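First up is the structure itself, then whatever we jot down about it.
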Amino acid sequence: MDFIDDRIERYAFNHTQDEGPLLTQLKQETHEKLELPQMLTGRLEGRFLKLLVQLLGAKRVLEIGTFSGYSALSMAEGLPEDGRLFTCDVDPAAIEMSKKYFHRSEHGSKITLLEGDAMKSVEKVDGPLDMVFIDADKVNYLNYYEAVLPKVRSGGLIVVDNVLWSGRVLNPKDESDHAIDDFNRSVHADDRVEGVLLTVRDGVYCLRKK
């Protein structure tokens with residue numbers, strides 16, 4: 001994330017709505033107890049995801065990659081009371097923490113956590129979906145995308161995180177670098193969607209299904 005000017009990042013953070021005490025506490029505990037805490041969505045992207053859910057009037061959302069639950073709770077805030085969010089993860093430590101915070105949140109009852117292999121979890125979720133957020137292992141981004149696209153309604157949204165990959169997409173070297181670059185090139189050429197790649201944090205691709 002060091003490819004973004006710290007002063008600009010802080011300015012954007014300070015001018016974005018506060019996420020509230022529960023998510024602030026979740027963020028702190030994530031940094032204290034989980035490996036790779038930089039994977040946390042954080043205020044900027046979390047509030048952005050909530051806003052997208054609200055703008056879509058979404059009622060059914062799927063998330064691939066729960067981590068500690070910050071993004072799931074952010075999106076659940078934007079759902080109506082009868083809305084449902086399905087989120088999946090495979091890491092026991094992350095699942096334990098996310099469950100704890102889902103239980104504590106007034107929005108936790110909207111969330112269903114699916115444990116285990118993400119591709120198998122996706123098969124369990126019926127469409128139509130209003131929105132999908134992909135933020136899991138990078139080498140499977142295209143596989144996740146192809147698996148969820150048929151389940152997304154026309155006019156629905158697929159949001160994909162880390163698509164700038166700390167700038168490494170400019171000079172891909174390892175497997176994850178190439179996977180992200182390949183994903184970006186593929187969806188850019190996909191006439192089933194229309195998209196914009198935003199320079200929000202580590203890059204967010206917003207893809208609207210036609």
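Taken together, the values in this text are just the output of simple stated rules run on the coordinates, not laboratory data. The structure displayed is predicted, hence computed values, not measured ones. With ideal geometry, Cβ positions are generated from the backbone for all residues, glycine too; neighbour counts draw on all protein chains shown.
Working from Cα pairs under 8 Å separated by at least six residues, relative contact order for the chain is 17 percent. Can you compute log10 of I(q)/I(0) for the chain with the Debye formula, treating each Cα as one identical point scatterer, at q = 0.08 Å⁻¹? Reported log10 I(q)/I(0), two decimals: -0.25. The Cβ shell under 10 Å around LEU157 holds other residues with a net charge of +2, Lys and Arg each +1, Asp and Glu each -1. Total lysine pairs in the range 112-210 at Cα distances under 19 Å, for residues eight or more apart or on different chains: 6.
Which of the lysines could be linked to LYS33 by a straight reach, that is with a Cα gap under 17 Å, when you skip same-chain ones fewer than 8 residues away? Excluding near neighbours in sequence, the set is LYS99, LYS100. Note on the chain: with charges restricted to the Cβ of Lys and Arg (+1) and Asp and Glu (-1), its dipole about the Cα centre is near 680 debye. Loop-located trypsin sites (Lys or Arg not before Pro) in the range 169-204 (DSSP state not H, G, I, E or B) with no more than 13 neighbouring Cβ atoms inside 10 Å: LYS173, ARG192.
Label-to-label distance, LYS210 versus LEU170, with points set 7 angstrom from Cα along the beta-carbon direction: 3.2 nm. The range 1-63 and the range 96-139 have Cα centres separated by 17 Å.
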